[in-house]
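None of the figures in this text is laboratory data; all of them are computed from the coordinates on show. Bear in mind that the values here come from a model prediction, so they are computed numbers and not experimental data. Here the Cβ positions follow ideal geometry from the backbone for every residue, glycine too, while neighbour counts run over all protein chains shown.
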Amino acid sequence: MHDLIEQLHGAILGASEAMGITLELASVLFLLVAGAVGHFALGALVNHLHRIANASEQNWDDVFVTALETPLRIVIWVVVVYFVLRVYPATDGLREYLFQAYDTAIVLVLAWFLHRLIAGSEEELLRADRGRTQSTDKATVRATAKLGRIALWILTGLMILQSLDVSISGLLAFGGIGGIAVGFAAKDLLANFFGGLSIYLDRPFTIGDWIRSPDQEIEGTVEDIGWRMTRIRTFDQRPLYVPNAIFSQISIQNPSRMLNRRIYETIGIRYDDAAQLPQIVADVRAMLEQHEEIDLSRTLIVNFVSFGPSSLDFFVYTFTKTVNWVEYHEIKQDVLLKILDIITGHGAEVAFPTQTLHVTPPEEPVV
């Protein structure tokens, strides 16, 4: 590569002498050609690094190379422009302005690389083939990445202002005073912002979770968590937009994080079938203990519980292994049908509300 650049330099100098152009212009041409050569050489190097990264078992090296690829190409041309400014004649004012632009460009390219690295890391951590990720972990990854990007660009803005000879200390002092005024004027906006921040930090729910509030009519699937409001898709497919400050004032249930679903049913048989009740209860318990979809590590209760107005009641209290809503109802249906088969198998019947009317015959008139 060094020999190639030397040859190009000699060729350009020879061409400049032959064409009668100045040494400065020849140097500019040399720098532009060198930048083009470096651009294509970097492309070949990056492709080679991608092949090495794809061959490795880890994906983080590929994330780093992908984040670095485009910003590094831009850096080459920024450096080329810098050296062009060093050799090409220009007025002092214009040269100073362009050198400031060079410093700003370097800061922006570095921030762009870090932004791409944060985005690539977030995508890598949330990849589906990494296995099932808990919703709390997803919320942590998204929150950390978003806060990292915000902090990065705030710091980048301060560095750019510093490179432009803007007094940062004065700006921060003015921002402190102005922040008080803005806080009073936009307290609702700030409340929603900090509400969104608390959602990311406390992680009561994340995108894709089914949530509901016993305090307000809020129930549905979370579609988006913004810094001002959260969008929820209700079960009738309507979008519901909730300001984030609301979540700090109400209770939230997150059924998506249930470990099990509960089957809790009270079943009554006729008083005429009282003799069969103990065996029915025992058989129902045995059926549940042998059922493949019942979680035996949870509470399982089958007991005679009360004398009803028209039935002898026993209740079933158990938990399924699945938390899927559709699968749960299929399992519950199977359990109830088997309980019905057990009752009828013992010659008993499920009771239904009845009333017994005792009629006193009228007295015969005395003759």
Quiz item: Cβ under 15 Å from residue 320's Cβ, residue 320 left aside: what net charge do those residues give with Lys, Arg +1 and Asp, Glu -1?
Solution: -2
Quiz item: For the residues 232, 150, what sequence is obtained by ranking on other C-beta atoms within 10 Å, fewest first?
Solution: 150, 232
Quiz item: Hey, what did the stretch 229-292 get for relative contact order, percent, Cα under 8 Å, at least 6 apart?
Solution: 16
Exercise. Would you work out the relative contact order for the stretch 258-345, in percent, from Cα pairs under 8 angstrom that are 6 or more residues apart?
Key: 40
Quiz item: Under 5 Å between amide H atoms, partner at least 5 residues away or on a different chain: which partners does residue 351 have, H built in plane at 1.01 Å?
Solution: 268, 269, 270
Quiz prompt | Derived scalar couplings ³J(HN,Hα) [the stretch 64-70; Karplus, 6.51 cos²θ - 1.76 cosθ + 1.60; whole Hz; x for Gly, Pro] | solution = 5, 5, 4, 5, 7, 4, 5
Quiz item: Would you list 344, 104, 206 from fewest to most Cβ contacts within 10 Å?
Solution: 344, 104, 206
Quiz item: What's the local net charge at residue 270, with K and R +1, D and E -1, over the other residues with C-beta under 14 Å away?
Solution: -4
Quiz item: Quick one: what Rg and Dmax do you get for the stretch 231-361 from the alpha carbons, in Å?
Solution: 20.5, 72
Practice problem: List the residues whose amide H sits under 5 Å from the amide H of residue 209, counting only those 5 or more places along or on another chain, with H placed 1.01 Å from N in the peptide plane. | Solution: 222
Quiz item: Using θ = phi - 60° and the Karplus form 6.51 cos²θ - 1.76 cosθ + 1.60, what ³J(HN,Hα) does each residue of the stretch 201-206 get, whole Hz, x for Gly and Pro?
Solution: 7, 7, 6, x, 7, 9
Quiz item: Ordered by residue, what ³J(HN,Hα) values in Hz, to whole numbers, does the stretch 223-228 give under the Karplus form 6.51 cos²θ - 1.76 cosθ + 1.60, where θ = phi - 60° and Gly and Pro are x?
Solution: 9, 7, 10, x, 7, 10
Exercise. Quick one: which residues, 5+ away or cross-chain, put their amide H under 5 Å from the amide H of residue 230? H built at 1.01 Å from N.
Key: 242, 244
